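The values are calculated or read from the model by the stated rules, or taken from the named source; none is laboratory data. Because the structure is predicted, anything quoted here is derived from the model rather than measured. Virtual Cβ from ideal backbone geometry, glycine too; neighbours counted across all protein chains shown.
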Amino acid sequence: MGLYEGILGVKRDFGGLRIEPAFPSDWEHAELKRRFRGADYVIHYRRTGEKSITVDGRQIEGTLLPDFRDGKTHLIEVHI
């Protein structure tokens, strides 16, 4: 849990998964796959100099990923 919740900042929340990374400054990218409430989340982190999160190609406001519960795989792009 230290890597998920600490460095990559993937935290369970009542409304879904929250992304609040503490990404090391020398990392350029990372990737993880997380199963949560019946759906798979493939999360790509990229250091780009801008902060944004997209879910299946759509930018979201804030840091809370949707709670899909649909049995599908969802692509998450986190720009740091």
(request) Please give the number of the condition Ala39 fails out of (1) crowded, with 16+ Cβ neighbours inside 10 Å; (2) within 12 Å of the chain's Cα centre (by Cα). (result) (2)
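For every residue, the table says whether it meets (1) among the hydroxyl-bearing types (Ser, Thr, Tyr); (2) assigned to a strand (DSSP E or B); (3) surrounded by fewer than 17 Cβ atoms within 10 Å (Cβ to Cβ); (4) at pLDDT 95 or above.
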| position | (1), (2), (3), (4) |
| --- | --- |
| Glu5 | no, no, yes, no |
| Pro24 | no, no, yes, no |
| Leu32 | no, yes, yes, no |
| Thr48 | yes, no, yes, no |
| Glu77 | no, yes, no, yes |
